[in-house]
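J.: Handing you this structure, nothing more for now.
The values are calculated or read from the model by the stated rules, or taken from the named source; none is laboratory data. Computed from a predicted model, the values in this text were never measured in an experiment. A quick note on method: Cβ atoms are made from the backbone with ideal geometry, for glycine too, and the neighbour counts reach across all protein chains shown. We work out accessible area using only protein heavy atoms, side chains counted, and drop any ligands, DNA or RNA first. Shrake-Rupley method; radii C 1.70, N 1.55, O 1.52, S 1.80 Å.
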Amino acid sequence: MVERKLLVLFGSQTGTAQDTAERIGREAKRRHFQCRVEALDSYDVANLINELLVIFVCATTGQGDPPDNMKMFWRFLFRKNLPPGSLCQLDYAVLGLGDSSYPKFNFVAKKLHKRVLQLGGNPLLPVALGDDQHDLGPDAVVDPWLLALWDKILALYPLPPGLEIISPDVRLPPKYTLHYLAEDSPHPNGGLLQPIAPRAVPSELHPFAARVVSNQRVTAESHFQDVRLIEFDVTGSGITFSAGDVVMIQPQNCPEDVQQFCQLLRLDPDRRFVLKPTEPDASLPALLPQPCTIRHLVTHYLDISCVPRRSFFELLSYFSTNELEREKLQEFSSAQGQEELYSYCNRPRRTTLEALWDFPHTTCAIPPEYLLDLIPRIRPRAFSIASSMLAHPDRIQVLMAVVRYKTQLSKPRRGLCSTWLASLNPEQGDFRVPLWVKKGGMKFPADPDTAVIMIGPGTGVAPFRAAIQERVAQGCRGNCLFFGCRQKSKDFYCQAEWEELVTKGFLTLFTAFSRDQEEKVYVQHRIQENRRLVWELLNSRNAHIYLAG
């Protein structure tokens, strides 16, 4: 009998591809496959030549780029020296998740499908092109594609004699079992969040706990938007960066939400537990200490403020003891109920915590070991670095708008990371923020004689502040900035800094204050008015143009 093994590999930026990959993993378990679900960069790609059955689930980000957690795999797969028939024993399928409003729609999935085919792989189905722009989202493509895929796979690997597909009415076991420790068991390390001794350069698995040095509001108090210039101390971290790079920040939930969540689920926040994987070869979540308290799990790991996905309602329906709640949850997780779910969840941006409030009977019946299957982990947020190491050694500054907006729900929506960062006042305590740095997509010219035209309205000016500080420190004068905002008196970020550089001859500055006069004026109007200068810089100074929103 052929071993019925299936590998699901995903490349995910926002979590949708991972969510879909885990769904395929659950469907595989119901069909009695031994199934592993892994991020592409966690998988040892050299083993791919030994695999017989793989499903790739990958998102496309930005301008046709692969997600961060498949970049190494991507580089390996496109090496010129891979022999053409190296994947000839592989049956595979590729499911893409993209957005058709971008020109390079599902570029990564299409390219991956083609490359595996080139290397001798045998495609079970044409590549699936899930589209965020569809009324029902990517599921409109994913649902029928998966039905067809299981038909193909079960034809190759029929169910073992005497086994049936596990019915959708049966709840699958959790990924981990959770074992509470006795109240009086010794605490090994006291604090859970001890800053780790810097072994290597900080990364997602080993962030640096940077101290908040200053947190200053840079918009007028009367302005509708709260924008902060926040400075972190990274002394001793080994972090280096240049203009255009990005700082990744790992946010946390606010204490009020954590307390509410624990009350709703009847959890004692101070209880300590250890996790054990249900499957023998599965690994534990990398970012959780062992043992761990419920409070740490909910504060630092579970994303209780994200908008829940369809899979959340599907799993929730299994715990429901209340008929009405169970029917509603089953409707939300069915293909027919997706418009209804969109209106309930996505349009008003309802959070996971708020959804749990609406299903009180079900919520208090959630077994704690299912929490890690039910709620995704908190993802890090990316910010353009707004300062240069040449001007501010051992410091990282970010320019950040605090996200707050209204939907039809009575409570305003708040961004998890920006609300948390804005609340950290260094005058009231020693606040640490877990962070690390990533290469950005912008590279500024090495040649000091090359002019640079930067177009950065609003907080889009952040990477250009880093670039201008860097270039001024290197003595480069050809810096031209187009900056736009609403009103000169309300949201003209870094005004004094720009004006000083203009006076010293390091910067040519054009501003567009859209609301300061009758007719609206934007950066594109200023570019048009100064077209001769722009052309002159392009034509004779070989200028590079940068645009950030």
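J.: Can you give the FRET efficiency to the nearest 0.05 for GLN524 and HIS392, using r as the Cβ-Cβ distance and R₀ = 30 Å? Spell out each step's value before the answer.
T.: On the way: r = 32 Å, r/R0 = 1.06.
The computed FRET efficiency comes out at 0.40.
J.: Moving on to the next point. As an exercise, use a Förster radius of 45 Å and the Cβ-Cβ distance of ASP447 and SER423 to find the FRET efficiency, rounded to the nearest 0.05.
T.: On the way: r = 43 Å, r/R0 = 0.96.
Computed FRET efficiency for ASP447 and SER423 comes out at 0.55.
J.: Compute, for the stretch 65-219, the length of the dipole vector about the Cα centre, with Cβ point charges of +1 (Lys, Arg) and -1 (Asp, Glu) only. Units Debye, rounded to 20.
T.: Dipole magnitude for the stretch 65-219 comes out near 1080 debye.
J.: In nanometres, what is the gap between the two model label sites at ARG477 and ARG347, each 7 Å from Cα along Cα-to-Cβ?
T.: Distance between label points: 5.9 nm.
J.: Relative to the first principal axis of the alpha-carbon coordinates of the chain, what is the inclination of helix 16-30, with its axis defined by its Cα atoms, in degrees from 0 to 90 and to the nearest 10?
T.: Compared with the principal axis, the helix lies near 10 degrees.
J.: Name the residues of the stretch 148-170 whose amide N is less than 18 Å from a point 7 angstrom out from the Cα of GLN336 along the C-beta direction?
T.: Only 168-169 fall inside the zone, counting backbone N under 18 Å.
J.: State the extension gain, in nm to one decimal, for the chain segment bounded by ARG171 and LEU52, taking 0.36 nm per residue of separation less the distance between their alpha-carbons.
T.: 40.0 nm
J.: Write down the Å³ per residue value for the convex hull defined by the alpha carbon atoms of the stretch 154-287. It would help to have the intermediate numbers written out before the result.
T.: On the way: hull volume 43.1 nm³, N = 134.
Output value, Cα hull per residue: 322 Å³.
J.: Quick one: helix 255-264 against the long Cα principal axis of the chain, what's the angle to the nearest 10°, folded into 0 to 90?
T.: That works out to roughly 20 degrees.
J.: To continue, here is another question. In Å and from the alpha-carbon atoms only, list the Rg and Dmax of the stretch 1-111.
T.: Cα only, the stretch 1-111: 14.1, 47 Å (Rg, Dmax).
J.: Which length gain, in nm to one decimal place, applies between TYR102 and ALA401 when the Cα-Cα distance is subtracted from 0.36 nm times their residue separation?
T.: Here the answer is 105.1 nm.
J.: Between ALA220 and CYS364, take the C-beta separation as r, use R0 = 45 Å, and let me know the FRET efficiency to the nearest 0.05.
T.: FRET efficiency, ALA220 to CYS364: 0.45.
J.: Turning to a different aspect of this structure: Quick one: work out the % antiparallel among DSSP beta bridges in the stretch 452-547, nearest 5.
T.: On the way: 0 of 15 bridges.
Around 0 percent of the beta bridges assigned by DSSP in the stretch 452-547 are antiparallel ones.
J.: In terms of the ratio Rg/(2.2 N^0.38 Å) built on C-alpha atoms, what value belongs to the stretch 452-547?
T.: With N residues counted in the stretch 452-547, Rg over 2.2 N^0.38 Å equals 1.04.
J.: Å³ per residue of the Cα convex hull, for the chain?
T.: 190 Å³
J.: Counting other Cβ atoms within 10 Å of each Cβ, which GluC sites (Glu not before Pro) in the stretch 485-549 have at most 16 and sit in a DSSP loop?
T.: Taking the stretch 485-549 and a limit of 16 other Cβ atoms within 10 Å, the loop GluC sites (Glu not before Pro) found are GLU518, GLU519.
J.: Find, among the trypsin sites (Lys or Arg not before Pro) in the stretch 32-140, those assigned to loop by DSSP (not H, G, I, E, B) with at most 10 other beta-carbon atoms within 10 angstrom. Numbers along the way, then the final one.
T.: Numbers: sites: ARG36, LYS71, ARG75, ARG79, LYS80, LYS104, LYS110, LYS111, LYS114, ARG115; in loops: ARG79, LYS80, LYS104.
Here the sparse-neighbourhood loop sites are ARG79, LYS80.
J.: Within the stretch 261-367, list the trypsin sites (Lys or Arg not before Pro) lying in a DSSP loop whose Cβ has at most 11 other Cβ atoms in a 10 Å radius.
T.: Answer by residue number: ARG266.
J.: What accessible area per residue, rounded to a whole number of Å², is obtained for the stretch 452-547 using a probe radius of 1.4 Å?
T.: Here the residues of the stretch 452-547 average 51 Å² of exposed surface.
J.: So if I place +1 on the C-beta of Lys and Arg and -1 on the C-beta of Asp and Glu, and nothing else carries charge, what would the dipole magnitude of the chain be about its Cα centre? I want it in debye, nearest 20.
T.: Magnitude of the dipole: close to 1200 debye.
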